[in-house]
Amino acid sequence: MPSMETDLGKRLGKRLRELREQRGLTQTEFAALSGKAVETISNMERGKTIPGLLTLDQFAKRLGVGLEDLVCPDAPEVSANDKNAAIIAAAAKRLPENELALVAGVIGLLDKQRRRDRRSRK
């Protein structure tokens, strides 16, 4: 019979892997981003080890989600807009400053166009 700790580790590992993959990160990329060894990330995702609270908080920030979203996968479903915003935020943390400025400019232009379109419909 699996222990409660083993079950928690597997559920947490599955959620960590889901969030990492949603952001298009490999284990190697996520390990580098979070300062952990690839083997450590692999062991966590397989439920072999359970990260501490500070590590979970660091992972949540690196993945662009709240700590509760990482540890409470049964929470109400997040909207597609919120998921996309989290993916963009996580990716933005990995961009060099010049590319981040370019992305911010594109988002600014899209927002400006959306506001113009909305005013013209009134």
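The values are calculated or read from the model by the stated rules, or taken from the named source; none is laboratory data. Please read all numbers here as calculations on a predicted model, not as lab measurements. Cβ placement follows ideal geometry from the backbone for every residue including glycine, while neighbour counts extend to all protein chains displayed.
Restricting Arg20, Arg121 to those that are more than 22 Å from Asp7 (Cα to Cα) and of a type in the set (Lys, Arg) reduces the list to Arg121. Regarding Gly47, is this residue touching a residue at least 24 places away in the same chain (Cβ under 8 Å) and among the small types (Gly, Ala, Ser)? Yes, satisfied. Among the residues of the range 88-96, are any of a type outside the set (Asp, Glu) and touching a Lys or Arg at 6+ places or on another chain (Cβ under 6 Å)? Yes, there is a match, as at least one residue in the range 88-96 is of a type outside the set (Asp, Glu) and touching a Lys or Arg at 6+ places or on another chain (Cβ under 6 Å).
Answer yes or no: is there a residue in the range 41-52 that is part of a helix (DSSP H, G or I), of a type in the set (A, V, I, L, M, F, W, C) and more than 22 Å from Ile87 (Cβ to Cβ). No: zero hits.
In the range 2-10, the condition of being surrounded by fewer than 19 Cβ atoms within 10 Å (Cβ to Cβ), over 29 Å from Ser79 (Cβ atoms), acidic (Asp, Glu) and modelled with pLDDT of 95 or more is met by no residue.
Just one residue in the set Lys122, Lys48, Lys112, Lys36 is more than 14 Å from the chain's Cα centre (by Cα), at pLDDT 90 or above and loosely packed, with under 11 Cβ neighbours inside 10 Å; that residue is Lys112.
Of the residues making up the range 83-121, those that are of a type in the set (Lys, Arg) and not in a helix (DSSP H, G or I) are Lys93, Arg94. The residue that is surrounded by the most Cβ atoms within 10 Å (Cβ to Cβ), counting only those in the range 11-33 that are assigned to a helix (DSSP H, G or I) and of a type in the set (S, T, N, Q), is Gln27.
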